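Below: one structure, written as structure tokens.
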Amino acid sequence: MHKVAEVEVQHDIMVANKKLARKNQRILDKDRVFSVDVVGAIGSGKTSLIEAIIDAVDYKIGVIAGDVISKYDAGRFENHNVPVVGLNTGKECHLDAHLVEHALHDMPLEDIDVLFIENVGNLICPVDFDLGSHMRMVVISVTEGDDTVEKHPLIFQDADLVVINKVDLAEAVGADSDKMVRDVKELNSEVQVIKTSLKTGTGFDDVIKAIDGFITDN
Amino acid sequence: MHELSMAQAIVDTVLDAAEKNNATEVVEVTIEVGMLTMLNPEQLKFLLDVIVEDTLLANAEIIIEDVPVEIDCRSCDYTGLANTDGSDHYLSIVKCPQCDERNVEILTGKECNVKTIKIEKE
């Protein structure tokens, strides 16, 4: 005879990811590695910004390069002679703590000081997935439109540093970069917002200083 | 696609619980999805219906319950529902409806919880 029973499961998928994220942070802390989750839309300049930081600073850097299918970004970082692990998410639009844990096993953590984790180009899905990084840097650019912040508020709410990139192109694309700064501050009054152009060098030193500040405070 | 990985994780969780309880079939699954997650319940349900084929859940009724956003305001003594009316609810949730400050702790609204399952046993 069949009988129907109700089973309490109470398993939160989000909490499961958070637990894995905390595990990742413990792995990183053991080797005294400071990690930065770099989030931003496709074409905002995440890869170029990380490349520029690698070339500008003295500390030893490693990079986890998240991409949907290609190894293109991973190849770019390899050209800077730093340890790189490429992560292909396949169908997924974000990295998660589980994927990052696998990548950490392939990363020579004992030989690096700072780990950049370049997330998949997306301002929506990464909101739900803590990776266990020590800070989250959101990179957007004026070419995406100066309503980008208003359209994706949640990603800015938990950001530690926001970079508004390609400001040299603001006039050409009719974007108001000051509005973008105001929109971020409206959502997250504490966060540091830096306007940059990698082409002209505007704001780049401030990004380095800001990251240095987080490393010192950690 | 974000919802696909979540749907797969939900199915894995349900199958694990079903097998531990010696189920022959899962007849109902209740999932709680917070309004602050970047998950679309309709997409999630659609994908669940697709990926449960040939599993113990194949004929299960899938119930998705929305979890409203509750906050604890650090600036005043307000604890309770955030104002999530209107199309710009993402903006309003980070504000306390009482004192209009953004210094709030989010108590609920960020979950994707497999709450209960109903199973058939021999």
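The values are calculated or read from the model by the stated rules, or taken from the named source; none is laboratory data. Bear in mind that the values here come from a model prediction, so they are computed numbers and not experimental data. Please note: Cβ atoms are built from the backbone with ideal geometry, for glycine as well, and neighbour counts cover all protein chains shown. Note: areas computed on protein heavy atoms with side chains; ligands, DNA, RNA excluded. Shrake-Rupley method; radii C 1.70, N 1.55, O 1.52, S 1.80 Å.
A compact table of results
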quantity	calculated
Selection from region A:119-150 of residues that are assigned to a helix (DSSP H, G or I) and either within 19 Å of A:Thr47 (Cβ to Cβ) or of a type in the set (Lys, Arg) (or both)	A:Cys125, A:Pro126, A:Val142, A:Thr143, A:Glu144, A:Thr148
Tally, over region A:158-201, of residues that are among the charged types (D, E, K, R), free of Cβ contacts under 8 Å to residues at least 60 places away in the same chain and not in a helix (DSSP H, G or I)	6
Candidate set: region B:56-69, residues that are of a type in the set (A, V, I, L, M, F, W, C) and assigned to a loop (DSSP other than H, G, I, E, B); chosen: the one surrounded by the most Cβ atoms within 10 Å (Cβ to Cβ)	B:Leu57
Single residue of region B:39-55 satisfying the filter (without any contact (Cβ under 8 Å) to a residue 60 or more places away in the chain and in a loop (DSSP other than H, G, I, E, B)) that is nearest to the other protein chains (Cβ to nearest Cβ)	B:Asn40
Candidate set: region A:64-98, residues that are in a loop (DSSP other than H, G, I, E, B) and charged (D, E, K, R); chosen: the one farthest from the other protein chains (Cβ to nearest Cβ)	A:Lys71
Any chance A:Asp96 is over 18 Å from A:Val33 (Cα atoms), open to solvent by 10 Å² or more (accessible area, probe 1.4 Å) and either touching a strand residue (DSSP E or B) at 6+ places or on another chain (Cβ under 9 Å) or at pLDDT 95 or above (or both)	no
Qualifying position, being among the charged types (D, E, K, R) and out of contact with any Leu (no Cβ under 7 Å at 6 or more places or on another chain), among A:Asp55, A:Asp31	A:Asp55
Residue that is touching a strand residue (DSSP E or B) at 6+ places or on another chain (Cβ under 8 Å) and surrounded by fewer than 19 Cβ atoms within 10 Å (Cβ to Cβ), where the choices are A:Val181, A:Val149, A:Val162, A:Val173	A:Val181
Set A:Gly66, A:Gly90: member being open to solvent by less than 30 Å² (accessible area, probe 1.4 Å) and either at pLDDT below 95 or closer than 24 Å to B:Gln8 by Cα (or both)	A:Gly66
Residues of region B:1-29 classified as open to solvent by less than 10 Å² (accessible area, probe 1.4 Å), at pLDDT 95 or above and at the interface with chain A (Cβ under 10 Å from one of its Cβ atoms), total	5
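Residue-wise test of (1) open to solvent by 10 Å² or more (accessible area, probe 1.4 Å); (2) touching a Phe, Trp or Tyr at 6+ places or on another chain (Cβ under 9 Å); (3) outside any loop (DSSP other than H, G, I, E, B).
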residue: A:Val9; (1), (2), (3): yes, no, yes
residue: A:Val15; (1), (2), (3): yes, no, yes
residue: A:Lys23; (1), (2), (3): yes, no, yes
residue: A:Arg26; (1), (2), (3): yes, no, yes
residue: A:Arg32; (1), (2), (3): yes, no, no
residue: A:Ser35; (1), (2), (3): no, yes, yes
residue: A:Ser44; (1), (2), (3): no, no, no
residue: A:Leu49; (1), (2), (3): no, yes, yes
